Each structure stands twice: as C-alpha cells, then as structure tokens.
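Quick notes on the structure that follows.
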Amino acid sequence: TVEFVRRKSAQYGPCSLRRMSVMEALELLDQLVDESDPDVDFPNSFHAFQTAEGIRRAHPDKDWFHLVGL
C-alpha cells in the first residue's frame, strides 16, 4: 500500500540505521543467501568485485560507473 511505502521510505530513506565503510558493507553482503541462487560456492562480494571490474574494463573513463557496479 502507499502507507507501507511511506513507512519504509521514512525508515530506510535517511540511511541512518547504521554507519559502515564500503568494505564492511561488502562483508555484510557475504552473509546474505540469495534464494534465487543458493548453490553458489563463493561470497556475494566476489560477484560485486567481478561486476565492478568488468565495468572498469569496458568503461575505464567512467569511475562513477565502477562504483555503481560494485
């Protein structure tokens, strides 16, 4: 409902639940089990680094894009 979205936006929108570095966030991501692909034997951060590196190779001049891929 619209009310649900408003509540969640107010809860998570300010990004004030937790402060952490990018590396801490990536380490936390490794604890997530992707229900759509539970048989993966490597950490989720590995995929994040692979994606960022692929974007860096394809678009070396767009550093903002590397971060988005990560």
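The values are calculated or read from the model by the stated rules, or taken from the named source; none is laboratory data. The structure presented is a predicted model; accordingly, all values stated were derived computationally and were not measured. Glycine gets a Cβ as well: all are built from the backbone with ideal geometry, and neighbour counts include every protein chain shown. Only protein heavy atoms, including side chains, enter the accessible area calculation; ligands, DNA and RNA are left aside. Shrake-Rupley method; radii C 1.70, N 1.55, O 1.52, S 1.80 Å.
Structure values in brief
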| read-out | value |
| --- | --- |
| Qualifying positions in the range 1-53 - at pLDDT 90 or above and more than 16 Å from the chain's Cα centre (by Cα) | Thr1, Val2, Glu3, Phe4, Val5, Arg6, Arg7, Lys8, Ser9, Ala10, Gln11 |
| Which numbered condition Leu67 misses (of (1) open to solvent by 90 Å² or more (accessible area, probe 1.4 Å); (2) part of a loop (DSSP other than H, G, I, E, B); (3) modelled with pLDDT of 90 or more) | (2) |
| Residue count for the range 18-28, restricted to those that are in a helix (DSSP H, G or I) and either open to solvent by less than 60 Å² (accessible area, probe 1.4 Å) or of a type in the set (D, E, K, R) (or both) | 4 |
| Of residues in the range 29-59 being β-branched (Val, Ile, Thr) and over 13 Å from Leu70 (Cα atoms), the one surrounded by the most Cβ atoms within 10 Å (Cβ to Cβ) | Val40 |
| Every residue from the range 31-56 that is among the polar types (S, T, N, Q) and either touching a His at 6+ places or on another chain (Cβ under 9 Å) or in a helix (DSSP H, G or I) (or both) | Asn44, Ser45, Gln50, Thr51 |
| Given (1) part of a helix (DSSP H, G or I); (2) open to solvent by 100 Å² or more (accessible area, probe 1.4 Å), index of the condition Cys15 fails | (1) |
